[in-house]
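The values are calculated or read from the model by the stated rules, or taken from the named source; none is laboratory data. Keep in mind that this is a model prediction, so the values were computed, not measured. We place every Cβ from the backbone using ideal geometry, glycine too, and count neighbours over all the protein chains shown. Quick note on the areas: whole protein, heavy atoms, side chains included, nothing else; ligands and nucleic acids left out. Shrake-Rupley method; radii C 1.70, N 1.55, O 1.52, S 1.80 Å.
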Amino acid sequence: GLPTTEVYPILQMRNGSVYVGTTEGLSIYRDGKFTDALLKKSDGVKVSITALFEDENETLWVGSTDGTFFRFENGAWKQYSLGNDSTIWSIHKDKTGIVRLGTDKGLYEFSGDKVLKIYTKADGLPSDDVKIIHQDGTGAIWLGTYGGLVKLEKENVDGKAPISSVFTTENGLASNRIRSIYEDKKGTLWIGTYDGGLSRFADGKFVNYTLENGLFNNGVFQILEDDKDNFWISCNKGIYRVNRQELEDFAVGKIAKISSIGYGKQDGMLNTETNGGRQPAGIKTADGKLWFPTQDGVAI
């Protein structure tokens, strides 16, 4: 029932519905079947979906290409434009009502119906390509870019860019091309990269995990945690599992190597190439199942 097999962001709403974004539109999964979300641009063109987000009012936000994004409220879609051809990779709304859009042309702050600010390399970002936005337990905003990891101040002071810290491979990050950020229940940040492995960030220090240390693959497109303290990670060679306690033991020197288990076509995947860089690049649904986007539909 999907419009095409090339799937990217996946989101479960509070009402239980799962939205699946594809290159040819948006689908809703309810009661065991997919239906069309009937989202089209004002000119009738199909939308290539690149980002999904549900805010505190249970409003659905949808990002796409061409600087176009949408909001679904009161039973109808409302279309917005950034006024350029940027692609929106990630959407986040904070408690003050500021909507942030991570795009390939910088970080946009949006409120009401207009853009408030645009932050780029000229304002201190290590890259204009902002792949993921994460708000941690303290309220701080983290950006994963294709130039490094960025921490924003909680408040924008005197109209200046609120960039607090920038971390790159020079600071110990596994790779500057970041695709995922996951915060565990202890507040530790786990940073997934496109090509350099996994980074653990705690107490101001990075610990990295790569193929050499036992990681199945150096691609870390999404990090999901199950109810047994296992991380499930997507990459271009399939999906792999690694125990979080093993990662912690490695970080403090208790063990010299970690073990990870990869899953692919022999385990039921139609295609081992999972898709990342568009958020959320996989979800854990309320029933505990893990959904990952791939080049051949959704793998659950």
Task: the chain: relative contact order as a whole-number percent, Cα under 8 Å and 6+ apart - done: 13 percent
- [ ] Kindly write out, for region 106-119 in residue order, the coupling ³J(HN,Hα) from the Karplus curve 6.51 cos²θ - 1.76 cosθ + 1.60 (θ = phi - 60°), rounded to whole Hz, with x marking Gly and Pro.
- [x] x, 9, 9, 10, 10, 9, x, 10, 9, 6, 8, 8, 10, 10
Open item on the list: Could you compute how much accessible surface LYS265 exposes when probed at 1.4 Å, giving the result in Å² to the nearest 10?
Closed with: 130 Å²
- [ ] Might you work out the accessible area of ARG278 for me, using a 1.4 Å probe with all protein chains in place, and round it to the nearest 10 Å²?
- [x] 60 Å²
Task: Low-density loop cleavage sites - GluC sites (Glu not before Pro) in region 15-111, where at most 12 other Cβ are within 10 Å (DSSP) - done: GLU56, GLU58
TODO: Calculate one ³J(HN,Hα) per residue across region 183-194 by plugging θ = phi - 60° into the Karplus curve 6.51 cos²θ - 1.76 cosθ + 1.60, and present them in order as whole Hz with x for glycine and proline.
DONE: 10, 7, 5, 8, x, 6, 9, 10, 10, x, 10, 6
TODO: Tell me what the chain gives for mean residue ellipticity at 222 nm when only DSSP H runs of n ≥ 4 count, each as -39,500 (n - 2.57), the sum divided by the residue total, rounded to 500 deg cm²/dmol.
DONE: -500 deg cm²/dmol
Open item on the list: Rounded, prolate or oblate for region 189-262? Axes are the square roots of the Cα gyration tensor eigenvalues, ordered a ≥ b ≥ c, and the cut-off for rounded is a/c under 1.5.
Closed with: rounded
- [ ] Please work out the C-alpha center-to-center distance from region 24-57 to region 201-261 and express it in whole Å.
- [x] 32 Å
- [ ] For region 162-169, just list the computed ³J(HN,Hα) in residue order, Karplus coefficients 6.51, -1.76 and 1.60, θ = phi - 60°, integers in Hz, with x standing in for Gly and Pro.
- [x] x, 6, 8, 8, 10, 10, 10, 4
Open item on the list: When a/c reaches 1.5 or more, the comparison of a/b and b/c decides; with that in mind, is the chain rounded, prolate or oblate per its Cα gyration tensor?
Closed with: oblate
